[in-house]
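Participant: Take a look at the following structure, please.
The values are calculated or read from the model by the stated rules, or taken from the named source; none is laboratory data. Everything numeric here is computed off the predicted structure, so don't read it as measured data. Glycine also receives a Cβ, built like all others from the backbone with ideal geometry; neighbour counts cover every protein chain displayed. Remember, those area values only see protein heavy atoms, side chains included, never the ligands or the DNA or RNA. Shrake-Rupley method; radii C 1.70, N 1.55, O 1.52, S 1.80 Å.
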Amino acid sequence: HNSFRVSISWARMFPDDGVGLVNPLAIEFYRSLFTEMNQNGIAVFANLYHFDMPAALQDQGGWESREVVEAYVRFAKTCFEEFGDLVSQWFTFNEPLGPILGTYLECFHYPNIVDFKRGAQAAFNTIFAHARAIEEFKKLGLSSEIGVILNLSPTYPRSQHPADVEAAEIADQFYTRSFLDPMVLGHFPKKLVALLKEHDQLPVYSASDLEIIQNNTAQLLGLNYYEPR
């Protein structure tokens with residue numbers, strides 16, 4: 001290996017309530033691990049979120065809560081400051097679509113809330129958290145890069161029948177473009193926004209939120225590829 005992707009546990013860094021005092025044992029653990037990797041020529045690809053939100057923050061609403069977004073930004077900034085000299089590449093999230101699908105749409109992820117509009121809010125806030133973390137990262141002037149890891153699958157229509165073609169395009173908007181476009185390009189796909197608006201499923205957001213998302217995009221893209229759709 002010349003590189004290794006490892007996730008930093010938010011709950012390990014802030015074990016009390018996700019926002020209190022940072023755990024010095026966690027700092028010691030990760031610095032020791034990352035130092036050992038560097039000494040053996042293994043670049044550290046550090047990911048900040050892989051579905052492991054502190055329970056106290058989930059109880060406050062998880063990604064539906066803007067307070068949780070700010071707690072995540074503090075966690076991210078702490079990691080940049082404590083480990084920035086040891087990390088080669090940073091990633092804000094691994095597969096952020098996963099908790100949204102599992103929690104709000106397909107009921108396979110704690111806390112199993114099936115509610116599309118709440119899911120849309122949680123998805124937007126996740127994207128906003130990504131942008132805010134990058135905003136803080138850029139202030140520190142580190143030599144490393146920061147991006148996001150997405151699970152992306154090409155979508156193919158079952159046939160060339162117009163209904164199948166349209167269905168494939170809609171599926172691609174939800175499964176691929178929903179996170180890829182804003183996190184990498186800085187804007188949301190117009191067709192997806194129009195579809196959510198048509199069915200009264202748009203999240204709450206402000207113009208300043210969109211500006212922050214536009215100005216703080218991924219510098220690199222990690223790709224988890226499983227299969228086509």
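Participant: Within the stretch 213-227, track down each residue that is more than 17 Å from residue 122 (Cα to Cα) and either of a type in the set (Gly, Ala, Ser) or surrounded by 13 or more Cβ atoms within 10 Å (Cβ to Cβ) (or both). Reasoning before the result, please.
Facilitator: So in the stretch 213-227, the residues more than 17 Å from residue 122 (Cα to Cα) come out as 214-227.
214, 216, 217, 218, 219, 220, 221, 222, listed by residue number.
Participant: Suppose we filter the stretch 132-149 for residues that are crowded, with 17+ Cβ neighbours inside 10 Å and assigned to a loop (DSSP other than H, G, I, E, B); how many remain?
Facilitator: Of the residues in that region, 1 qualify.
Participant: Search the stretch 56-75 for residues that are part of a loop (DSSP other than H, G, I, E, B) and pair each with any residue that is modelled with pLDDT of 95 or more and surrounded by 17 or more Cβ atoms within 10 Å (Cβ to Cβ) when their beta-carbon atoms are under 8 Å apart and the residues are at least 6 apart or on different chains.
Facilitator: Hits for this filter: 60/68; 61/68; 65/57; 65/125.
Participant: Here's something else I'd like to know. Could you please find all residues in the stretch 150-173 being assigned to a helix (DSSP H, G or I) and within 21 Å of residue 95 (Cα to Cα)?
Facilitator: Here is the first cut: in the stretch 150-173, the residues assigned to a helix (DSSP H, G or I) are 162-173.
Once the filter is applied, which keeps residues that are assigned to a helix (DSSP H, G or I) and within 21 Å of residue 95 (Cα to Cα), the stretch 150-173 yields 168, 169, 170, 171, 172, 173.
Participant: With touching a helix residue (DSSP H, G or I) at 6+ places or on another chain (Cβ under 6 Å) and surrounded by 16 or more Cβ atoms within 10 Å (Cβ to Cβ) as the only criterion, which of 180, 196, 152 stands out? Full working, then the answer.
Facilitator: Numbers: 180 fails: touching a helix residue (DSSP H, G or I) at 6+ places or on another chain (Cβ under 6 Å); 196 fails: touching a helix residue (DSSP H, G or I) at 6+ places or on another chain (Cβ under 6 Å).
The conditions single out 152.
Participant: Something else about it: Before we move on, is residue 172 at positive phi and out of contact with any Gly (no Cβ under 9 Å at 6 or more places or on another chain)? So that I can check it myself, show each step before the final result.
Facilitator: Working: at positive phi: no; out of contact with any Gly (no Cβ under 9 Å at 6 or more places or on another chain): yes.
So residue 172 does not fit the description; no.
Participant: Quick one: which of 164, 85 is under 30 Å from residue 21 (Cα atoms), free of Cβ contacts under 8 Å to residues at least 40 places away in the same chain, over 20 Å from the mean Cα position of the chain (by Cα) and open to solvent by 10 Å² or more (accessible area, probe 1.4 Å)?
Facilitator: Numbers: 164 fails: under 30 Å from residue 21 (Cα atoms).
Selected residue: 85, the only one of 164, 85 that is under 30 Å from residue 21 (Cα atoms), free of Cβ contacts under 8 Å to residues at least 40 places away in the same chain, over 20 Å from the mean Cα position of the chain (by Cα) and open to solvent by 10 Å² or more (accessible area, probe 1.4 Å).
Participant: Counting only residues that are of a type outside the set (Val, Ile, Thr) and in contact with a strand residue (DSSP E or B) (Cβ under 9 Å, 6 or more places away or on another chain), which one in the stretch 99-131 is surrounded by the fewest Cβ atoms within 10 Å (Cβ to Cβ)?
Facilitator: The initial filter retains those residues of the stretch 99-131 that are of a type outside the set (Val, Ile, Thr), namely 99, 101-102, 104-112, 115-125, 128-131.
Narrowing further to those that are in contact with a strand residue (DSSP E or B) (Cβ under 9 Å, 6 or more places away or on another chain): 129-131.
Numbers: 129: 25, 130: 30, 131: 23.
Top of the filtered list is 131.
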